[in-house]
Amino acid sequence: MNTVKKIFRILNFPLASWMVFLIGLLVTGYFSHREYKTMQKDAHQAFESEIQAIETAIKIKIEFYENVLYQTRAFLTVGRKISRDEFNHYVKSISLISRFPGIQALSYTVRIPTSELQSYEAQVRKEGNIDYHVWPTDKREEYFAIKYLSPLNWRNERAIGYDMFTESNRRAAMTKARDTGLPAMTKKLTLVQETKTDPQPGLILFLPIYSGDELTMSLEERRKNLTGFISSPFRTRDLFRSIFYEKILPVDFEIYDTKEMNVNNLLFDQDQTPHFQIKNFNPLFSQIKHIEIKGQIFTLFFSTLPTFENTIRFSHIWILLGGVVGTLLLTWIMFRTNMQAAESRRLHEKLFNESRRLNAVLQQMPEGVIISEPSGKLIMRNEQVDSLIGGFTTAIQLDEASGIKALNHEGKVYKNENWPLARSLNQGEIIKNEEMIIERESGKTTFLNVNSSPIKNDENQIIAGVVIFHDITEIKKIQSELEQAVSMRDEFLSIASHELKTPMTSLKLQIQMLLRKLEHTHESIDPLKPNIQGVLILIDKQVSTLNRLVEDMLDISRLRTGNLKIEVSSFSMGDLITETLLNLEDQIKLSGYSAPTVRFSGDLNGVWDRMRLGQVLINLITNSMKYGNKNLIDIQASGTADLVKVCVSDRGIGISNDDQLRIFDRFERAISPSEVSGLGLGLFISKQIIKAHGGDIWVKSVVNKGSTFTFEIPKISV
Ligand code: ADP
């Protein structure tokens, strides 16, 4: 799949790459083809000249040997009879074998009419060749017997007396020589001298001898005046080898004695294997030539040998290779360059789009945003900046001419180096929620929340900075309105609770007085005494509760105005606990609780605000009664050298972990008002009192198991 994708991508080459590729291949093709043609032409010329050289060498050689025949004829026809010894001497003197290699011998053949045969033979024998006879011996009109043959060796001796005219091939050449007066060559034959040792094909060249001047003779006269022949037999392999002196030719050549090339006609083969017998014979060049040598048509077959082919410079292949490699390289470079250009175009476009997107987002933001270079040069800013702040000469300082003043939260004008973006760019500071006040000449003031941060590269160098201005003028306005409302509420609470306190105190006193009076009244005087007493006790209890609520409200306003004062005196925490329990005795009973268990240990004396700590104890004990499910309440106080710790435990509804975190805050409750009434202020006030004593208060609780509230204060509060 990947390969297919790759091919597809490659096929997707940019046009320029394709052009380079195709032009490169075309140019390479053209030049390598041209080089190939030139190379072939040169090689063919070299081949031709080799052929020419071989052909010429053969012709010259034959010419040369022909001259020997002419020379011999001249010697034999000097006008007197030449004896056998003279002939031998002559042949020896011209160094036939060494100077004319390939020639087997020189022979002198004479024409003998039948009538003279016997006398002829007798005469030859008389000269010393005692076994001489003409052969074959069958009767015929005339005989052409080899009279002399030199040099006389075992091979040549076999031919002495032979009538070559009896053999058709020789006869044809002899007849042609006789009729033309010129040398004539036989076709391929086996020399009579040939034995089984190194047999070779043979050829014989005949030159006619006439009585009289053969140049002026007619055909008839030639036939009539023919006296014999000078001939030389060749062993072809020796002959052709001698032509080239065993030189190794780069070209193979084969010689056939007819136009047809087959084994029977083969006279000589330079490499001794006829080309038609070679499998996959495929030379670079080959050529067939027919030449005429002394009246005989010979076929020459030439073909290049590896030695020839190796000399050819196949430079076109190098051009082709170099060209293809070069083209591929060039195409690749072109492709890479194109790809890189496309990639950078794509990145550029992406960057451009991203920048446009960013710009669009920035313009849509309600906040003012400035992005700047480290030098302060603006990279980007949205329009909101103009409406929020106004003119800038650089991103790191306000334009002085703009008539706008920027103040920090202390109301001081920003110095250039303190300007948020300048701090981020110069010191790498990350600024969060810094308040800035913008004052305009028109008198309009804008409150801004400023965030500023440097932008760093991978090397942690600051490359830009971004600052965001958020308009908080409206929030500020609401905040101040809210603060005003709260302080008004507190004022109201303070006044209301003060106003309520006075009538409530006198109400409580009146009830107490009434109760005391009723105490002394006998039932017989007032039979309603028990009923009235019950109602009065209930009213007293309600007034006490009301009183506490008013006290709490008063305390809240005192806390807000910082007026919660601690008035210390020396007393024992144990005494305070006992006293508080005594005061609450009726309430505890009425609420259906049994008296709490109390345990003291250690020294419980200290210097504290007795009234306030009593308030804390009342709050904790009444809470245990409110949320304690009528189970036993337990109070413990323990003292050390420095501290006194008081724990109030119940076995009631308990408080969840989340609620434990917030019940010490103002108006925070863990229960709905419909279940148990309350303002959620008792624990808040208790915490403030304990804190004012330099101590701490906390709760440990498990839902449905109960709660333990503990406070710890130093013996001498700070
Ligand atoms: P109030 O009792 O008037 O609601 P407090 O500030 O005294 O206000 O107490 C705050 C809340 O803490 C109570 O509303 C109640 O939910 C919870 N709480 C206080 N004491 C106990 C306790 N002993 N057991 C369970 N819940 C308690």
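Take each of the peptides 632-644, 33-45, 512-524, average the number of other beta-carbon atoms within 10 Å over its residues, and list them starting from the highest. Please report the intermediate quantities before stating the final value.
Numbers: 632-644: 16.8, 33-45: 13.7, 512-524: 10.6.
Ranking the peptides 632-644, 33-45, 512-524 by packing returns 632-644, 33-45, 512-524.
When Lys and Arg each count +1 and Asp and Glu each count -1, what net charge do the other residues less than 14 Å away from residue 562, Cβ to Cβ, add up to? Write out the running numbers ahead of the final one.
On the way: positive: 558, 560, 565, 691; negative: 490, 555.
After counting each charged neighbour, the total is +2.
Report the calculated FRET efficiency for residue 426 and residue 477 (r = Cβ-Cβ distance, R0 = 25 Å), to the nearest 0.05. Intermediate results must be reported in sequence, preceding the final value.
Details: r = 34 Å, r/R0 = 1.36.
Efficiency for this residue pair is about 0.15.
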Compute the accessible area per residue over the range 450-573, keeping the other protein chains in place, probe 1.4 Å, unit Å².
-> 66 Å²
Mean Cβ-within-10 Å packing, highest first, puts peptides 160-171, 466-477 in the order 160-171, 466-477
Other residues with Cβ under 11 Å from the Cβ of residue 547 give, with Lys and Arg +1 and Asp and Glu -1, a net charge of +1
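Divide by every residue of the chain the summed helix terms, -39500 (n - 2.57) for each DSSP H run of at least 4, and state the resulting mean residue ellipticity at 222 nm, rounded to the nearest 500 deg cm²/dmol.
On the way: 20 runs with 332 residues, N = 718.
Helices in the chain give a 222 nm mean residue ellipticity of -15500 deg cm²/dmol.
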For residue 704 and residue 168, compute 0.36 nm times the residue count separating them, minus their Cα-Cα distance, and round to one decimal in nm.
-> 178.2 nm
Highest average packing first - 378-385, 566-573, Cβ atoms within 10 Å | 378-385, 566-573
The relative contact order of the chain, taking Cα pairs under 8 Å that sit 6 or more residues apart, comes to a percentage of 7 percent
With every protein chain left in place, what is the accessible area per residue of the range 182-322 in square angstrom, probe 1.4 Å?
-> 49 Å²
Distance in nm between residue 116 and residue 67 label points, each 7 Å along Cα→Cβ, equals 3.3 nm
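Viscosity 1.567 mPa s, temperature 4 °C: give me the Stokes-Einstein translational D for the chain in µm²/s, with Rh taken as the Kirkwood radius over C-alpha pairs.
Numbers: Rh = 42.0 Å.
In µm²/s, the coefficient rounds to 31.
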When the accessible area of the chain is computed with all protein chains present and a 1.4 Å probe, what percentage of it is carbon and sulfur?
-> 56 percent
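Could you calculate the contour length gain from residue 309 to residue 98, that is, 0.36 nm times the residue separation minus the distance between their Cα atoms, to one decimal place in nm? List each step's numbers first, then the result.
Details: separation 211, 0.36 × 211 = 75.96 nm, distance 3.48 nm.
Using 0.36 nm per residue and subtracting the Cα-Cα distance, I get 72.5 nm.
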Positive dipole terminus of the chain, leading residue within 44, 118, 253 (C-beta point charges) = 118
Roughly what would the spin-label model give for residue 27 and residue 262, points 7 Å off Cα along C-beta, in nm?
-> 5.8 nm
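Provide the FRET efficiency to the nearest 0.05 for the residue 354-residue 439 pair, computing r from the beta carbons and using R0 = 45 Å. Walk me through the intermediate numbers first.
On the way: r = 37 Å, r/R0 = 0.83.
Approximately 0.75, to the nearest 0.05.
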Cα→Cβ-extended label distance, 7 Å offset, between residue 589 and residue 569, nm | 2.7 nm
Averaged per residue, the 1.4 Å probe accessible area of the range 1-138, protein heavy atoms only, in Å², is roughly 61 Å²
How much length is gained if the chain between residue 523 and residue 284 is pulled fully straight, taking 0.36 nm per residue apart and subtracting their Cα-Cα distance, in nm to one decimal?
-> 70.3 nm
Taking R0 as 35 Å, what's the FRET efficiency between residue 135 and residue 218 from their Cβ-Cβ distance, rounded to 0.05?
-> 0.60
Got a sec? Charge dipole of the chain, +1 on Cβ for Lys and Arg, -1 for Asp and Glu; which of 424, 463, 566 is way out at the positive end?
-> 463
Lys and Arg at +1, Asp and Glu at -1: neighbours of residue 713 with Cβ under 14 Å from its Cβ sum to +1
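The values are calculated or read from the model by the stated rules, or taken from the named source; none is laboratory data. Keep in mind the model is a prediction, meaning the values are calculated, not measured. All Cβ positions, glycine included, derive from the backbone under ideal geometry; neighbour counts span all protein chains shown. Quick note on the areas: whole protein, heavy atoms, side chains included, nothing else; ligands and nucleic acids left out. Shrake-Rupley method; radii C 1.70, N 1.55, O 1.52, S 1.80 Å.
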